[in-house]
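Reviewing the structure listed below.
Read the figures in this text as sums done on the coordinates, not as results from a lab. Please read these numbers as outputs of a predicted model, since none were measured by experiment. Neighbour counts run over all protein chains shown; Cβ positions are idealised from the backbone, glycine included.
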Amino acid sequence: MAKALVLGGATGLLGQALTRVLTERGWQVETLGRADGNLLEMPFLEERLAKADADAVFNAVAWTQVDDAEDHPEDALLMNRTLPDALARVLKALGRGHLVHFSTDFVFSGPHQTPWREDEAPHPAGVYGRTKLAGEEAVLRVLPERSCVMRTAWLFGPGRKNFVDTILAACRKRDAISVVHDQFGSPTYSLDLAQWSVSLAEKRATGIWHAVNSGQASWCELACEAIALTAGPCRLEPIASSQWPQKAQRPVYSVLDNSKLSEFLGKKPRPWPQALRDFLFSEYVSCAHADKEGTH
Ligand SMILES: NC(=O)c1ccc[n+]([C@@H]2O[C@H](COP(=O)([O-])OP(=O)(O)OC[C@H]3O[C@@H](n4cnc5c(N)ncnc54)[C@H](OP(=O)(O)O)[C@@H]3O)[C@@H](O)[C@H]2O)c1
């Protein structure tokens, strides 16, 4: 049985999806996270990686608070560059274990008309994107023959609060909500991403991969679809980014081209609205139905 170590596998949005999918696909899975010790202490990391003796190590730990990163660049750098760099070095020294590291569409910024490909030059606009890019570069520099970087975007899924949950929660409290309609990206289901990641790990894939569901949306379109699918009564007001000021600058267009992944999988990743339906029906609609039945 193949063995996996998932950093962030007990608590992270993607980490939990990876743990679930790996287990379903017959892997023996161990998780590693904050509760186990300080991941930045080299002796601790070395000991845990050696003990795990994993065929694949999935790094889903990161500093993911985009706005806070602007105020804490050093802390963001520790999680987003120092940790993946250390993981790659330890695995290199061990001589075993494929590293699957996760990155972000925020490595891109600026105007663009077509989805970003893996071979296009990144240009992050903020601290989060810059530290994530530094992490990618470190992994691929230290362990090029046994690592891959999965750039993903706009994740939704079970296990940890995400944009879709936030919108639906706001919708339950208010008659109308305002959502940004001039930033475009690639909404992606964490469980789909986990499936592709495990497939790539099983083939020992290397290099950079854009791993997103097909299609694109603005935040407002994603919110609109989620509200429609859950039959929410809320009214949506599309607004410009300038009407929703945030500390960190967001890319206006960060849609990722998933052609390389499609070729690897032998089919295009399913469209994001279809994946969103799966998520919402398992998390929201079936729960609402169960609640109703419980009150009878
Ligand atoms: N979510 C998205 O929309 C999105 C988009 C593009 C790329 N990504 C990338 O996808 C990957 C996974 O993201 P995610 O959304 O699953 O993130 P998440 O839900 O915020 O989970 C982050 C994980 O990192 C852990 N972590 C953070 N700081 C830590 C520390 N100091 N010590 C130990 N553990 C720490 C968290 O542990 P605790 O639970 O203990 O805090 C959690 O397990 C990241 O590389 C991220 O950059 C995500």
Exercise. Can you pull out the residues in region 245-269 that are surrounded by 15 or more Cβ atoms within 10 Å (Cβ to Cβ), closer than 30 Å to Glu70 by Cβ and not β-branched (Val, Ile, Thr)?
Worked result: Ala248, Gln249, Arg250, Pro251, Tyr253, Ser254, Leu256, Asp257, Asn258
Problem set entry | Odd one out for Leu14 among (1) without any contact (Cβ under 8 Å) to a residue 40 or more places away in the chain; (2) within 8 Å of the ligand (Cβ to nearest atom) | (1)
Exercise. Can you find even one residue in region 25-43 that is more than 10 Å from the ligand (Cβ to nearest atom) and either under 26 Å from Val127 (Cα atoms) or touching a His at 6+ places or on another chain (Cβ under 8 Å) (or both)?
Worked result: yes
Problem set entry | In region 143-178, the residues that are surrounded by fewer than 19 Cβ atoms within 10 Å (Cβ to Cβ) and either under 20 Å from the mean Cα position of the chain (by Cα) or under 22 Å from Tyr128 (Cα atoms) (or both) | Pro158, Gly159, Arg160, Lys161, Asn162, Phe163, Asp165, Thr166
Problem set entry | Among residues of region 18-50, those that are touching a helix residue (DSSP H, G or I) at 6+ places or on another chain (Cβ under 8 Å) and more than 24 Å from Leu78 (Cβ to Cβ), counted | 6
Exercise. Out of the residues in region 176-196 that are near the ligand (Cβ under 10 Å from one of its atoms) and polar (S, T, N, Q), which is nearest to Val107 (Cα to Cα)?
Worked result: Ser186
Exercise. Here are some conditions: (1) more than 16 Å from the ligand (Cβ to nearest atom); (2) closer than 22 Å to Cys234 by Cα; (3) not hydrophobic (A, V, I, L, M, F, W, C). Arg204 meets all but one. Which one does it not meet?
Worked result: (2)
For this session: Could you tell me which numbered condition Gly12 fails, if it satisfies all but one of (1) surrounded by fewer than 15 Cβ atoms within 10 Å (Cβ to Cβ); (2) under 16 Å from Leu83 (Cβ atoms)?
Result: (1)
Seminar exercise, completed: Counted residues in region 135-175 being within 9 Å of the ligand (Cβ to nearest atom) and not hydrophobic (A, V, I, L, M, F, W, C) come to 8
Exercise. For residues in region 80-114 being outside any helix (DSSP H, G or I) and of a type in the set (S, T, N, Q), which is farthest from the ligand (Cβ to nearest atom)?
Worked result: Gln113
